[in-house]
Amino acid sequence: MAKSLLVTGGAGFIGSNFVRYWYKHYGDRVVVLDALTYAGNRQNLAGFQQNDTEDSRFVFVEGDVCDRALIEQLLATYNIDTVVHFAAESHVDRSILGPGVFVRTNVVGTGVLLAAMCDRWQAQGNPDHYCFLQVSTDEVYGSLDMDAAPSVETDAYCPSSPYSASKAGADHLVRAYYKTYGLPTIITCCSNNYGPYQFPEKLIPLMCLNILLGKPLPIYGDGQNVRDWLHVHDHCSALAAVLEKGQPGSVYNIGGCSEMTNLAVVQRLCDLMAEAMGELLPVEPRKLITFVRDRPGHDLRYAMDITKIQRETGWALTYDFASGLKQTVDWYLANRRWWEPLLSSEYEAYYKALYGKTF
């Protein structure tokens, strides 16, 4: 059955990559809702044409997930049966500086979407093909010891930051709507994404850009915190697999099976950038590595057991970290016109507040 998707946060990093993936592989309508805050970028969807008719395959709407009237209008106008919910404040550092907006967008916004979707679903007679897909994070499980087994879907939530706590709260609402009302919902928890169109506050694009500009490469603490890295294309293919074959009420972990320390990731980036740019770089990249005061409540390690999604949907990874990282570096080197405008005065102020230095 053809779907009609509402993709919230579809102009952000993962959301826009998902829109591109879905648009390429499926013939369904995609309605993107995005507030175009600092991390939402209309250029992420460059090339998509909108004809402003009710049967258009692609529709873009600038708006807030907390706007109940707008959500209801979109669900009705475009006969939405599937919500893919990316819209979220997602950067841990920003959540530490200002947690209030994370609660509003991530918890309240999810609640508004769920209520509107549930009303629509019930008004249509509770059809089985409806789905509310909540895109969450591995951070809801909390920190793992170095020798601990990877997180599984039945593990208790133990969030550490305002960001992960807000995502945990949203996930609990999603579970409640399934258990209380029967609304078909699915939650996915993904590990650290990387790839094209990622806003430069995140580790990999930040380091790429700082190397190009000859700026310090700030690494928290001793750089030994471990993250599992997932290429955004593999994340998008996993989400598509879940929408096709996932079971309502289920949670699916999505990981890249690529655990690395932050320091090791930065060192690899330095070497890739040096290989690609050579003497064109202002400074030898590894000389830019700078250890800074650790982030408050910094989780030691995340890791994901992806057995369930592989078993139930047949999904498989296509990128290893080496090939994925090179592809990502090549993209940032080739797309200066995309990222250069993002280094605004607002971004510089944020950077200074975080690291004590200007960009």
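Determine, for the chain, the count of lysine pairs separated by eight or more sequence positions (or lying on different chains) whose alpha-carbon distance falls under 28 Å.
29
Over all distinct alpha-carbon pairs, what is the Kirkwood Rh of the stretch 87-201 in angstrom?
Values: mean 1/r = 0.0652 Å⁻¹.
Computed over the stretch 87-201, the radius equals 15.3 Å.
What distance in nm lies between label points placed 7 Å from Cα along the C-beta direction at E72 and E340?
For the pair E72/E340, the computed spacing is 4.7 nm.
Note the angle between two axes, namely the Cα long axis of helix 262-277 and the longest principal axis of the Cα atoms of the chain, as a number of degrees from 0 to 90, rounded to the nearest 10.
70
Tell me what the chain gives for mean residue ellipticity at 222 nm when only DSSP H runs of n ≥ 4 count, each as -39,500 (n - 2.57), the sum divided by the residue total, rounded to 500 deg cm²/dmol. Could you put the intermediate results ahead of the total?
Numbers: 12 runs with 141 residues, N = 359.
Estimated from H runs of four or more residues: -12000 deg cm²/dmol.
Enter the Cα centre distance for the pair the stretch 269-292 and the stretch 22-83, rounded to the nearest angstrom.
When both Cα centres are located, 39 Å separates them.
In terms of the ratio Rg/(2.2 N^0.38 Å) built on C-alpha atoms, what value belongs to the chain?
On the way: Rg = 19.9 Å, N = 359, 2.2 N^0.38 = 20.6 Å.
The chain yields a ratio of 0.97.
Taking amide H positions as placed in the peptide plane 1.01 Å from N, state which residues far from R29 in sequence (5 or more) or on other chains have amide H under 5 Å from it.
Sorted by chain and number, the residues that satisfy this are K3, L5.
Note down the nm distance, to one decimal, between modelled labels 7 Å out along Cα→Cβ at T180 and at A148.
Label at T180, label at A148, 3.0 nm between them.
Please list K167, K308 in order of solvent-accessible area, largest first, computed with a 1.4 Å probe with all protein chains present. It would help to have the intermediate numbers written out before the result.
Values: K167 10, K308 40 Å².
The most accessible residue leads, giving K308, K167.
Tilt of helix 13-25 relative to the longest C-alpha principal axis of the chain, in degrees (0 to 90, nearest 10)?
For 13-25 against the chain, the angle is about 60 degrees.
As I understand it, the dipole of the stretch 204-359 uses +1 on the Cβ of Lys and Arg and -1 on the Cβ of Asp and Glu, about the Cα centre. Which of Q247, T318, C208 lies farthest toward its positive end?
In the stretch 204-359, that residue is C208.
Whole number in Å², please: accessible area per residue of the chain, 1.4 Å probe, ligands, DNA and RNA not counted. Please report the intermediate quantities before stating the final value.
On the way: 14700 Å² over 359 residues.
I get 41 Å² per residue for this part.
Size of the dipole of the stretch 204-359 about the Cα centre, Lys and Arg at +1 and Asp and Glu at -1 on the beta carbon, nothing else charged, in debye to 20? Working shown, then result.
Working: 16 positive and 18 negative charges, 59 e Å.
Around 280 debye, computed over the stretch 204-359.
Return the FRET efficiency for the residue pair D222, D320: r is the Cβ-Cβ distance, R0 is 22 Å, and the value is rounded to the nearest 0.05.
Numbers: r = 26 Å, r/R0 = 1.19.
Efficiency, from the Cβ-Cβ distance: 0.25.
Need one word for the stretch 139-211: rounded, prolate or oblate. Basis is the Cα gyration tensor (sqrt eigenvalues a ≥ b ≥ c); a/c below 1.5 gives rounded, then a/b vs b/c decides.
On the way: a/c = 2.54, a/b = 1.65, b/c = 1.54.
Taking the square roots of the gyration eigenvalues as a ≥ b ≥ c, the stretch 139-211 is prolate.
Would you tell me the accessible area of D330, worked out with a 1.4 angstrom probe on the heavy atoms of the protein chains, in Å² to the nearest 10?
Only protein atoms counted, so the area is about 70 Å².
Going by a ≥ b ≥ c, the root eigenvalues of the Cα gyration tensor, does the stretch 1-125 fall in the rounded group (a/c under 1.5), the prolate group (a/b larger than b/c) or the oblate group? Each step should come with its number before you reach the end.
Values: a/c = 2.07, a/b = 1.24, b/c = 1.67.
Verdict is oblate for the stretch 1-125.
Can you tell which of L173, L272, L281 shows the greatest fluctuation in a Gaussian network model of the chain with Cα springs below 10 Å?
Maximum fluctuation in the GNM of the chain, among the listed residues, is at L281.
Would you kindly find the accessible area of R68, with a 1.4 Å probe and non-protein molecules such as ligands, DNA and RNA excluded, rounding to the nearest 10 Å²?
R68 has an accessible surface of roughly 80 Å² with all protein chains in place.
For the charge dipole of the chain, defined by +1 on Lys and Arg C-beta atoms and -1 on Asp and Glu C-beta atoms about the Cα centroid, which residue among M273, V107, L263 has the Cα displaced farthest towards the positive pole?
Selected residue: M273.
What dipole magnitude, in Debye to the nearest 20, does the stretch 84-216 give about its Cα centre under +1 on Lys/Arg Cβ and -1 on Asp/Glu Cβ?
Working: 8 positive and 12 negative charges, 90 e Å.
My answer is approximately 440 debye.
Taking the Cα centre of the stretch 155-251 as origin, sum charge times position over the Cβ atoms of Lys and Arg (+1) and Asp and Glu (-1), and report the length of that vector in debye to the nearest 20. Let's see the in-between values first.
Values: 7 positive and 7 negative charges, 36 e Å.
That gives the stretch 155-251 a dipole magnitude of about 180 debye.
Leaving out ligands, DNA and RNA, what percent of the accessible area of the chain is carbon and sulfur, probe 1.4 Å?
Values: 7350 of 14700 Å².
Using a 1.4 Å probe with all protein chains present, the chain comes out at 50 percent carbon and sulfur.
If you restrict to DSSP beta bridges whose two residues both lie in the chain, what percentage is antiparallel, to the nearest 5? Before the final figure, lay out each step's value.
Values: 3 of 40 bridges.
Rounded to the nearest five, the antiparallel share is 10 percent.
Please arrange E153, E348, E62 by accessible surface area, largest first, computed with a 1.4 Å probe and ligands excluded. List each step's numbers first, then the result.
Details: E153 30, E348 80, E62 120 Å².
The most accessible residue leads, giving E62, E348, E153.
The values are calculated or read from the model by the stated rules, or taken from the named source; none is laboratory data. Everything quoted here is computed from the prediction, not taken from an experiment. All Cβ positions, glycine included, derive from the backbone under ideal geometry; neighbour counts span all protein chains shown. Side chains included, ligands, DNA and RNA excluded: accessible areas come from the protein's heavy atoms. Shrake-Rupley method; radii C 1.70, N 1.55, O 1.52, S 1.80 Å.
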